[in-house]
Amino acid sequence: MAEKKDRKLKKNRQKTPSSQQTKDKIKQVVQKILTANQVVVFTGAGISTESGIPDYRSQGGIWDKFTPIYFDDFMDQKNARIQYWDQRLDMEKGLKHAKPNRGHKSIAHLHEMGFLTSVITQNIDGLHQESGIPSDKIIELHGNTRRVRCMNCKQIISWEEAMVMINAGARAPECRCGGYYKPDTISFGQEMPEKETRKAAMLAAKSDVFIVVGSTLLVQPAALMPEYARNAGAFLVIINLSETPYDSLCHVLIRDSAGKILEAITNGVKKSLT
């Protein structure tokens with residue numbers, strides 16, 4: 001019995017420093033936010049998984065289920081366009097029920113308190129907008145799946161308008177101009193949006209605090225943003241469950257869930273203001 005009790009006490013002692021270290025790191029991030037002029041948050045799939053949206057690369061993720069359709073194939077082959085839209089309709093089963101979680105809401109609270117300069121996101125789900133952050137403060141590097149764009153005339157329609165066409169029998173809807181409609185997201189082999197990428201790089205380089213949330217930082221050129229921030233002297237924070245290439249280069253690394261840590265940071269900022 002005594003041996004079992006000793007093991008339990010030892011286990012508890014081992015847990016305490018880890019918990020205290022995280023609290024200390026959160027306090028450090030809070031202090032940096034309070035004194036910063038430019039706070040930029042960079043988000044990846046790890047924040048939206050807490051809303052029930054699967055990520056892309058992990059086991060059981062989207063690319064475990066689907067074979068990616070490359071952009072050139074989408075443009076050249078009707079069968080590829082049909083397959084692309086079939087995949088997108090399957091994804092909609094999860095997306096249509098997704099709501100902003102406490103991570104999204106915590107970033108929105110930073111905005112409400114006047115501490116958020118911008119959100120740069122790799123996500124396409126529109127949950128940052130739904131959380132209350134104005135669209136002009138959100139840079140979507142990979143687009144937004146709630147919009148649908150004609151690949152010819154560039155006209156944008158809503159997802160609901162595209163669904164009307166699909167329900168009427170168009171498995172791969174087309175524009176009146178003859179162009180192909182496609183969710184306004186970046187596919188494999190498709191060029192990144194130049195305006196958004198350039199603006200994101202500029203904001204990263206001007207930031208005082210750059211917080212990475214839920215990204216493995218493996219997809220280029222989005223993954224270069226923390227490097228731009230770090231090289232310009234920003235305080236770099238990484239909140240992610242798995243390793244990233246920047247773990248040894250950041251000032252604060254917290255290996256925990258996005259919602260839990262962002263909520264603690266936001267609460268810390270609120271408490272400091274009262």
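In the stretch 94-107, is there at least one residue being in a helix (DSSP H, G or I) and modelled with pLDDT under 95?
The initial filter retains those residues of the stretch 94-107 that are in a helix (DSSP H, G or I), namely 94-95, 102-107.
Remaining after also requiring modelled with pLDDT under 95: 94-95.
Checking the stretch 94-107: at least one residue is in a helix (DSSP H, G or I) and modelled with pLDDT under 95.
Is it the case, given these coordinates, that G214 is over 14 Å from R149 (Cα atoms) and not assigned by TED's automatic domain parsing to the domain that holds G126?
Values: over 14 Å from R149 (Cα atoms): yes; not assigned by TED's automatic domain parsing to the domain that holds G126: no.
Here the answer is no, as G214 does not meet what is asked.
What residue, among those in the stretch 34-52 that are in contact with a helix residue (DSSP H, G or I) (Cβ under 6 Å, 6 or more places away or on another chain) and of a type in the set (V, I, T), is surrounded by the fewest Cβ atoms within 10 Å (Cβ to Cβ)? By that ranking, first place goes to V39.
Screening the stretch 123-141 for residues that are surrounded by fewer than 23 Cβ atoms within 10 Å (Cβ to Cβ) and polar (S, T, N, Q) and picking the one that is nearest to L89 (Cα to Cα) gives Q129.
Considering only the stretch 59-68, I want to know if a residue exists there that is aliphatic (A, V, I, L, M), in contact (Cβ under 8 Å) with a residue 60 or more places away in the chain and surrounded by 14 or more Cβ atoms within 10 Å (Cβ to Cβ). Walk me through it before giving the result.
Start the filter on the stretch 59-68 by keeping residues that are aliphatic (A, V, I, L, M), which leaves 62.
Now restrict to residues that are in contact (Cβ under 8 Å) with a residue 60 or more places away in the chain: none.
No, the stretch 59-68 contains no residue that is aliphatic (A, V, I, L, M), in contact (Cβ under 8 Å) with a residue 60 or more places away in the chain and surrounded by 14 or more Cβ atoms within 10 Å (Cβ to Cβ).
The number of residues in the stretch 216-231 being modelled with pLDDT under 95 and of a type in the set (G, A, S) comes to 2.
Looking only at residues of the stretch 142-187 that are crowded, with 17+ Cβ neighbours inside 10 Å and hydroxyl-bearing (S, T, Y), we find that the one that is farthest from K199 (Cα to Cα) is Y180. Those helices (runs of 4 or more DSSP H) of the stretch 1-76 in which at least 2 residues are modelled with pLDDT of 85 or more, within 30 Å of G178 (Cα to Cα) and hydrophobic (A, V, I, L, M, F, W, C), considering only elements entirely within it, cover 71-76. Residues of the stretch 168-204 that are over 26 Å from E92 (Cα atoms) and either in contact (Cβ under 8 Å) with a residue 40 or more places away in the chain or touching a helix residue (DSSP H, G or I) at 6+ places or on another chain (Cβ under 6 Å) (or both): T197, K199, A200, A201, L203, A204. When L249, L241, L236, L224 are checked against the criterion of being closer than 23 Å to K27 by Cα and without any contact (Cβ under 8 Å) to a residue 24 or more places away in the chain, a single residue qualifies: L249.
The values are calculated or read from the model by the stated rules, or taken from the named source; none is laboratory data. Values in this document were obtained by computation on a predicted structure and should not be read as measured data. Here the Cβ is made from the backbone with ideal geometry for all residues, glycine too, and neighbour counts use every protein chain on show.
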